Amino acid sequence: MPAPLPDRNGLKAEILRRVAAGETLKAVCASPGMPRPRTVYGWTWTDASFDDALAEALRKGEWLRHRAFDEDKARAFLARLAAGEPLTQLVNEPAMPNELTLRHWRMEQGQFGAEVRRLVRMHQVARGVARGQARLARYRPWNEAEGDRVLVRVGRGEPIPGLCRGDPGLPEPWLIERWRRESPEFAHDLALHIQTGRRKRPSRHAARRREAVVEALMMAILRGGTFNSLQGRNGFPTRRTLGRWVRKDPEFAKAVARACRDREDALLAAQLDILDRAGSLPMRSLRRLLAPLRRRVASLRTRPGFRRSRRG
């Protein structure tokens, strides 16, 4: 005897409840007995009410994760901040509010925001005093030999903040800045070498933007988005930029292709879902039900980033 089919309505209700409570859809679908994300998105193609409810639950869950004030978490955050832990380190821990959440809490919760400002200011003053004393102990006057070593490295394209990390014998950025004030000749030569180094240094802006939007972009493609429809929305780059990433970044191209395959699987699952529920409907009625999905499949046949070859 075949195993009974899962209660789809029950699964939908459980997914909506957990997502609205703050869990991500990926985490919910990773639980035993839950469908895969692409199956859930397949349901949204055939159930408009579930599609709307899921979008609303995702908005609520996003708000809870990034906006809702948690007194216990805020109290623990203030205790660790008062103990001297850096704010930049705390916001990167999963159990603490992230940077976006903290900014919202500080604006909405006046007492909490004032206490954060007080603690941050107190630590800034203490660190400034300690940093000044440490720098005074490490100070050494400019000399031509060390200055030339700095100029060579900067001219190769290395950024000034990274010089002492790669070679502890080189001066720190604050000391280089002080040498610029003490020696006009060194300041002039350093400015020229910085311009030369910038031309040799690879641009990192595109990579940073790509890392920030790639996950959201993949989810948007899975839900039926294209480069043309998504460009300029929710911080996404232009279609031309996205296409260039596909052509020049193999990993990004693989992620886009994977998202497109998952989207095709979701559309196929949606069509199979209609066939399962169709029963003995006439073929004409069945075709009418499948027509929107088939048109959608046809419109998405050309994958994002595809470029037709020009014939002479």
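The values are calculated or read from the model by the stated rules, or taken from the named source; none is laboratory data. The model shown is predicted, which means the values in this text are computed figures rather than measured ones. Here Cβ is always computed from backbone atoms with ideal geometry, including for glycine, and neighbour counts include all displayed protein chains.
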Worksheet item: Which of the residues spanning the stretch 108-123 are at pLDDT below 85 and in a helix (DSSP H, G or I)?
Response: Glu108
Discussion item. Tell me whether the stretch 245-259 contains one or more residues that are of a type outside the set (A, V, I, L, M, F, W, C), in contact with a helix residue (DSSP H, G or I) (Cβ under 9 Å, 6 or more places away or on another chain), assigned by TED's automatic domain parsing to the domain that holds Ala220 and crowded, with 17+ Cβ neighbours inside 10 Å.
Written reply: no
Practice prompt. Could you tell me whether Thr196 is at pLDDT 80 or above and closer than 30 Å to Ala266 by Cβ?
Written response: no
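Residues checked against (1) more than 26 Å from Gly61 (Cα to Cα); (2) touching a residue at least 12 places away in the same chain (Cβ under 8 Å); (3) of a type in the set (D, E, K, R):
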{"residue": "Arg75", "(1), (2), (3)": "no, no, yes"}
{"residue": "Leu81", "(1), (2), (3)": "yes, yes, no"}
{"residue": "Asn98", "(1), (2), (3)": "no, yes, no"}
{"residue": "Arg106", "(1), (2), (3)": "no, no, yes"}
{"residue": "His123", "(1), (2), (3)": "yes, yes, no"}
Response to the item:
Counting only residues in the stretch 165-179 that are touching a residue at least 24 places away in the same chain (Cβ under 8 Å) and not in a helix (DSSP H, G or I), the one surrounded by the fewest Cβ atoms within 10 Å (Cβ to Cβ) is identified as Glu172
Worksheet item: Somewhere in the stretch 199-222, is a residue over 25 Å from the mean Cα position of the chain (by Cα), at pLDDT below 80 and part of a helix (DSSP H, G or I)?
Response: yes
Worksheet entry | Residue ID - nearest to Leu78 (Cα to Cα), chosen from residues in the stretch 139-164 that are surrounded by 11 or more Cβ atoms within 10 Å (Cβ to Cβ) and charged (D, E, K, R) | Glu158
